[in-house]
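Read the structure below first, then the notes.
The values are calculated or read from the model by the stated rules, or taken from the named source; none is laboratory data. These figures come from a predicted structure and were not determined experimentally. Cβ placement follows ideal geometry from the backbone for every residue including glycine, while neighbour counts extend to all protein chains displayed. Note: accessible area is taken over every heavy atom of the protein model, side chains too, but ligands, DNA and RNA are not part of it. Shrake-Rupley method; radii C 1.70, N 1.55, O 1.52, S 1.80 Å.
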Amino acid sequence: MSPSTRFALGTFAASDGRSFAGLVLGDRVVDLGPHLGAVTVRSLLDDWDRSVMRLQALADRIAPEETDHALDSLRPLPPLDRWGQVFCAGANFRQHVLDLLAGAERRGDSTDGLTAADRDRARAELDERARSGRPFVFMESANAIVGAHDDVVLPHDSEQHDWELELAAVIGRPARRVAREDALGVIAGYTICNDVTTRDALIRTDARGLGLDWLAGKCAPTFLPTGPILLPAAHAGDPMALRITLKVNGRTMQDESTADMLFDVAALIAHISEVAELRAGDLVLTGSPAGNGAHHGVFLKPGDVMDGTITGLGAQRNRCVAEPAPSDGGGPTPGRATGVPA
């Protein structure tokens, strides 16, 4: 398929609360229901090869006056209403790894899971790992996914809550043992994920020999803001030439190119499919660039606002709110926006 009119997909809530699958054309959104019937972005993804041709044809013929909504008038929900598995590349940006080592060293803690000797060895081995090693990939809970403008609820029993804005690939075709040169072909499109992490929950003092506790550190409800859109791969350009930028309260914290990845997107897909089976609707997070709170020595607190962008993929804005302590009773509903401007 030769791309012509650039389009993206999303799932949106209108002012009346109704949710719908939308075709995003610039700053306008077309409700897909009148054109394609009762579809969801997930149902389109499950038949992606056919769907992408139908969507492109619709984007090419739709007239400006036929668009239904201004994009900024809608609340973006997670692009898919039902996700598959969530695969996450760890320590996949060179400068990010160096920053984490330096940050833990400076604070005198072990949030990177390493001793001083381990850190020296890790620095020496970093380039060799990129040349001859394999990606490190772990899994997270899809239940942590919320929308691009929803609140992030900070657990009350930890303190070092950190941001990690990442490029995420959305799988559109089954893949098992796919070759690296064919790997990009199984990707339907790309979206933004902020893989929020509680760093002081990663280390288990009662189980140090078992590695980092990814469940405790990354799977809290609302810890994976995703979206606002799914941009088809045909319109995304080179995934290794995108800019990832995240601000906290207006201060730029992350500002890095995807070119700093140790293992590129194709290598990640090939590696994951060598070990597991990828299916439509799976999400592959490609790693966090440099500039996390662990590096800056600043962690998220209630009231903070995170603004994240990746080239061509729209923008996220998520406010941090406190999880009520058990004695506090009620509080904000996890995953619902509570007044952060779009």
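Looking only at segment 219-238, decide whether some residue is part of a helix (DSSP H, G or I) and over 22 Å from Val41 (Cα atoms).
No, every residue in segment 219-238 fails to be part of a helix (DSSP H, G or I) and over 22 Å from Val41 (Cα atoms).
Look at segment 265-295 and say how many of its residues are open to solvent by 20 Å² or more (accessible area, probe 1.4 Å), acidic (Asp, Glu) and out of contact with any Lys or Arg (no Cβ under 6 Å at 6 or more places or on another chain).
Within segment 265-295, residues that are open to solvent by 20 Å² or more (accessible area, probe 1.4 Å), acidic (Asp, Glu) and out of contact with any Lys or Arg (no Cβ under 6 Å at 6 or more places or on another chain) number 0.
The conditions are (1) closer than 23 Å to Val146 by Cβ; (2) out of contact with any strand residue (DSSP E or B) (no Cβ under 8 Å at 6 or more places or on another chain); (3) of a type in the set (Gly, Ala, Ser), and Gly209 fails exactly one of them. Which is it?
So the condition that Gly209 fails would be (1).
Please specify each residue of segment 295-342 satisfying the condition of being under 19 Å from Ser73 (Cβ atoms), touching a His at 6+ places or on another chain (Cβ under 6 Å) and at pLDDT below 95.
Ala337, Ala342
Name the residues in segment 210-225 that are more than 19 Å from Glu323 (Cβ to Cβ) and surrounded by fewer than 17 Cβ atoms within 10 Å (Cβ to Cβ), would you? Break it down stepwise before answering.
Here is the first cut: in segment 210-225, the residues more than 19 Å from Glu323 (Cβ to Cβ) are 210-212, 214.
Result: Leu210, Gly211.
Quick one: in segment 1-38, which of the residues that are among the aliphatic types (A, V, I, L, M) and farther than 23 Å from Asp150 by Cβ is modelled with the lowest pLDDT?
Only one residue fits best here, namely Met1.
Can you name every residue in segment 296-324 that is farther than 15 Å from Arg251 by Cα, open to solvent by 30 Å² or more (accessible area, probe 1.4 Å) and either aliphatic (A, V, I, L, M) or without any contact (Cβ under 8 Å) to a residue 24 or more places away in the chain (or both)?
Answer for segment 296-324, where residues must be farther than 15 Å from Arg251 by Cα, open to solvent by 30 Å² or more (accessible area, probe 1.4 Å) and either aliphatic (A, V, I, L, M) or without any contact (Cβ under 8 Å) to a residue 24 or more places away in the chain (or both): Ala315, Ala322.
If you scan segment 126-146, which residues turn out to be part of a strand (DSSP E or B) and open to solvent by 80 Å² or more (accessible area, probe 1.4 Å)?
Step one: filter segment 126-146 for residues part of a strand (DSSP E or B), giving 136-140, 145-146.
Those that are part of a strand (DSSP E or B) and open to solvent by 80 Å² or more (accessible area, probe 1.4 Å): Phe136, Met139.
Pick out the one residue from Leu210, Leu154 that is modelled with pLDDT under 95 and either more than 30 Å from Gln56 (Cβ to Cβ) or among the aromatic types (Phe, Trp, Tyr) (or both).
Working: Leu154 fails: modelled with pLDDT under 95.
That would be Leu210, the only listed residue that is modelled with pLDDT under 95 and either more than 30 Å from Gln56 (Cβ to Cβ) or among the aromatic types (Phe, Trp, Tyr) (or both).
Need a quick list: helices (runs of 4 or more DSSP H) entirely within segment 9-72 having at least 1 residues that are without any contact (Cβ under 8 Å) to a residue 40 or more places away in the chain and over 26 Å from the mean Cα position of the chain (by Cα).
Details: elements: 33-36, 41-46, 48-61.
In segment 9-72, the matching helices (runs of 4 or more DSSP H) lie at 33-36, 48-61.
Considering segment 198-214 alone, what residues qualify as being out of contact with any His (no Cβ under 6 Å at 6 or more places or on another chain) and touching a residue at least 40 places away in the same chain (Cβ under 8 Å)?
The initial filter retains those residues of segment 198-214 that are out of contact with any His (no Cβ under 6 Å at 6 or more places or on another chain), namely 199-214.
Correct list: Arg199, Asp200, Ala201, Leu202, Ile203, Gly211, Leu212, Trp214.
If a residue has to be open to solvent by 10 Å² or more (accessible area, probe 1.4 Å) and either under 20 Å from Asp99 (Cα atoms) or part of a loop (DSSP other than H, G, I, E, B) (or both) to count, how many in segment 193-209 make the cut? Quick ask: steps written out before the conclusion?
We begin by selecting, within segment 193-209, every residue open to solvent by 10 Å² or more (accessible area, probe 1.4 Å); these are 199-201, 203-209.
If we keep only those that are either under 20 Å from Asp99 (Cα atoms) or part of a loop (DSSP other than H, G, I, E, B) (or both) too, we end up with 199-201, 203-207.
The qualifying residues number 8.
Among what's in segment 54-99 and is out of contact with any strand residue (DSSP E or B) (no Cβ under 9 Å at 6 or more places or on another chain) and farther than 24 Å from Val265 by Cα, pick the residue that is modelled with the lowest pLDDT.
Glu65
Just to be sure, is Ile229 touching a residue at least 12 places away in the same chain (Cβ under 8 Å) and open to solvent by less than 10 Å² (accessible area, probe 1.4 Å)? Before the answer, list the steps.
Numbers: touching a residue at least 12 places away in the same chain (Cβ under 8 Å): yes; open to solvent by less than 10 Å² (accessible area, probe 1.4 Å): no.
No, not satisfied.
Quick one: which of Gly185, Gly189 is part of a helix (DSSP H, G or I) and either more than 19 Å from Phe93 (Cβ to Cβ) or open to solvent by less than 10 Å² (accessible area, probe 1.4 Å) (or both)?
Numbers: Gly189 fails: part of a helix (DSSP H, G or I).
None of the others qualify; the one that does is Gly185.
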